[in-house]
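Student: Take this structure first; my questions come after.
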Amino acid sequence: MHKLNLKNTGNNPVLTFLKETRTDLQRLVPPDFPEIYSFDRLKELPRYLKTLALRAERGSLNLASTQKKMQEVMIYSRKLQQIIKEGIQESPKDDLLLPFYINKSDAPVGFSDDKKKKIDEFFWMIEEYKVSLFAQELKNPYPVSPKKLNQMIKEIEETL
């Protein structure tokens, strides 16, 4: 991403896009990621990082197409943030790493264990959706579509 920043020094829209991509990287790989991710999730992390790199590279070449795909992803990312915020008694200072509260022992008391698992699964489904949109060549271990994402939202909402 550093090379892409240097290559696009005068291109403010691309620089803004790359900054947003770095934010996604921080969300995906927070400082305590080895503690909060299971071994199975850690094994998938390189594929998600490769997807992020491909998205950054391709987005710097065709920003409009990438932004259109990101709008599709943001529907579900925003819904995830909304679901998590509903379970948090006091808002954390930094929303940047909000999804990872569900993986920690100090997770919001408003969530049952079953709901935490579904929210966690939804987070990873969104990552798989990104793979399907931005890096199809990396392949998904299971199909992910808006229909399946909407079905998971419904399951989360119905879970106590």
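The values are calculated or read from the model by the stated rules, or taken from the named source; none is laboratory data. Note that this is a predicted model, so its numbers are computed, not measured. FYI the Cβ positions are ideal-geometry reconstructions off the backbone, even for glycines, and counts take in every protein chain you see.
Student: Would you pick out the residues in region 23-33 that are surrounded by 14 or more Cβ atoms within 10 Å (Cβ to Cβ) and either closer than 19 Å to LYS43 by Cβ or basic (Lys, Arg) (or both)?
Tutor: LEU25, ARG27, LEU28, VAL29, PRO30, PHE33
Student: Can you give me the number of residues within region 1-50 that are assigned to a helix (DSSP H, G or I), within 12 Å of the chain's Cα centre (by Cα) and of a type in the set (A, V, I, L, M)?
Tutor: So the count comes out to 4.
Student: Let me ask you something else. For region 58-98, give me the residue count where each residue is outside any helix (DSSP H, G or I) and at pLDDT 95 or above.
Tutor: We begin by selecting, within region 58-98, every residue outside any helix (DSSP H, G or I); these are 62, 88-94.
From what is left, the residues that are at pLDDT 95 or above are 62.
Final tally of qualifying residues: 1.
Student: For THR66, work out the one condition from (1) surrounded by fewer than 16 Cβ atoms within 10 Å (Cβ to Cβ); (2) under 21 Å from SER145 (Cα atoms) it doesn't fulfil.
Tutor: The failed condition is (1).
Student: So in region 140-160, with the set limited to residues that are among the charged types (D, E, K, R) and modelled with pLDDT under 95, which one is surrounded by the most Cβ atoms within 10 Å (Cβ to Cβ)? So that I can check it myself, show each step before the final result.
Tutor: The initial filter retains those residues of region 140-160 that are among the charged types (D, E, K, R), namely 147-148, 154-155, 157-158.
From the residues that got through so far, the ones that are modelled with pLDDT under 95 too are 157-158.
On the way: GLU157: 12, GLU158: 9.
Looking at residues that are among the charged types (D, E, K, R) and modelled with pLDDT under 95, I get GLU157.
Student: If a residue must be without any contact (Cβ under 8 Å) to a residue 24 or more places away in the chain and more than 15 Å from ARG47 (Cα to Cα), how many such residues does region 120-156 contain?
Tutor: Residues in region 120-156 being without any contact (Cβ under 8 Å) to a residue 24 or more places away in the chain and more than 15 Å from ARG47 (Cα to Cα): 9 in total.
Student: Residues being of a type in the set (Phe, Trp, Tyr) and surrounded by 14 or more Cβ atoms within 10 Å (Cβ to Cβ): count how many of those fall in region 34-57.
Tutor: So the first thing to find is which residues in region 34-57 are of a type in the set (Phe, Trp, Tyr), and the list is 37, 39, 48.
Among the residues that remain, those that are also surrounded by 14 or more Cβ atoms within 10 Å (Cβ to Cβ) are: 37, 48.
Total satisfying the criteria: 2.
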